[in-house]
Amino acid sequence: MQTEEKNIIPETTEPLEASLVRLLMQKNMTLSTAESCTGGMLAQKITSVPGVSSVYAGGFVTYATEEKHKMLGVPRKILRENGAIAKKTAKQMALGAARQTGTDVAVSVTGNAGPDAAEGKPVGLVYIGVCIDGKAVGRKFLFTGSRNEIREKACAEAMRLILEKIGGAMQ
């Protein structure tokens with residue numbers, strides 16, 4: 001179904017990662033990442049922007065469930081009760097990344113890029129968490145496409161979510 005809604009955000013040819021880095025610089029905010037199904041792809045995209053070192057502290061690739069606990073401090077109870085692919089887990093991953101790095105903003109991505117169901121959850125199910133100044137939110141996505149397309153879409157939505165939350169502050 002196609003709609004003819006007008007986008008209230010002006011169209012730009014600037015890549016999302018460049019827009020994100022520019023906004024972080026303008027707001028004098030720092031960023032860290034915590035990734036699972038994207039395997040470092042989000043960090044790679046962000047660090048491809050010249051000058052990013054002034055705002056990007058670093059990231060974590062916590063592909064294995066236990067590493068989410070060890071590296072980011074996600075409580076085992078949350079992992080046991082909700083699994084690695086869950087909104088609560090994404091929020092805790094973002095909180096942990098911010099805590100570990102001392103950044104103003106942290107983003108997390110956890111999900112199932114395929115090719116098979118994991119934890120009984122479908123391919124394409126992704127949760128993204130954003131933490132700003134110690135307050136975290138999470139959002140659920142269901143993407144379609146190949147494994148790499150799902151990972152690319154997750155990275156794009158993670159950057160859009162940060163832009164949304166920074167632009168309007170945490171709501």
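Can you say whether Thr110 is of a type in the set (Ser, Thr, Tyr), part of a helix (DSSP H, G or I) and open to solvent by less than 50 Å² (accessible area, probe 1.4 Å), as far as the supplied structure shows? Taking the combined requirement at face value, the residue does not satisfy it. With respect to the conditions (1) open to solvent by 10 Å² or more (accessible area, probe 1.4 Å); (2) out of contact with any Ser or Thr (no Cβ under 6 Å at 6 or more places or on another chain), Thr103 lacks only one, and its number is (2).
Residue pairs whose Cβ atoms lie under 6 Å apart, sitting 6 or more positions apart in sequence or on different chains, and linking a residue in the stretch 59-71 that is in contact (Cβ under 8 Å) with a residue 40 or more places away in the chain to a partner that is surrounded by fewer than 20 Cβ atoms within 10 Å (Cβ to Cβ), are Phe60/Met71.
Selection of the stretch 141-171 for residues being in a loop (DSSP other than H, G, I, E, B) and open to solvent by 60 Å² or more (accessible area, probe 1.4 Å) yields Thr144, Gln171. Residue count for the stretch 72-84 satisfying the condition of being within 24 Å of Gly124 (Cβ to Cβ) and touching a residue at least 12 places away in the same chain (Cβ under 8 Å): 6. Would you check if there is a residue in the stretch 85-96 being on the phi > 0 side of the Ramachandran plot, charged (D, E, K, R) and in contact (Cβ under 8 Å) with a residue 12 or more places away in the chain? Taking every residue of the stretch 85-96 in turn, none turns out to be on the phi > 0 side of the Ramachandran plot, charged (D, E, K, R) and in contact (Cβ under 8 Å) with a residue 12 or more places away in the chain.
Looking at Gly124, Gly129, Gly138, just one residue is on the phi > 0 side of the Ramachandran plot, touching a strand residue (DSSP E or B) at 6+ places or on another chain (Cβ under 7 Å) and buried (at least 16 other Cβ atoms within 10 Å of the Cβ), and that residue is Gly124. Within the stretch 21-37, one or more residues are over 12 Å from the mean Cα position of the chain (by Cα), surrounded by 19 or more Cβ atoms within 10 Å (Cβ to Cβ) and either charged (D, E, K, R) or modelled with pLDDT of 95 or more (or both). Count, please, the residues in the stretch 42-72 that happen to be among the acidic types (Asp, Glu) and buried (at least 22 other Cβ atoms within 10 Å of the Cβ). Qualifying residue count for the region: 0. For the structure I just gave you, tell me whether Thr101 is over 15 Å from the mean Cα position of the chain (by Cα) and of a type in the set (S, T, N, Q). Considered against the rule, which asks whether it is over 15 Å from the mean Cα position of the chain (by Cα) and of a type in the set (S, T, N, Q), Thr101 comes out as yes.
The values are calculated or read from the model by the stated rules, or taken from the named source; none is laboratory data. Since the model is a prediction, treat every value here as computed from it, not as a measurement. Note that we place each Cβ from the backbone using ideal geometry, even for glycine, and neighbour counts take in every protein chain shown. Just so you know, the surface numbers come from the protein's heavy atoms only, side chains and all, with ligands and any DNA or RNA stripped out. Shrake-Rupley method; radii C 1.70, N 1.55, O 1.52, S 1.80 Å.
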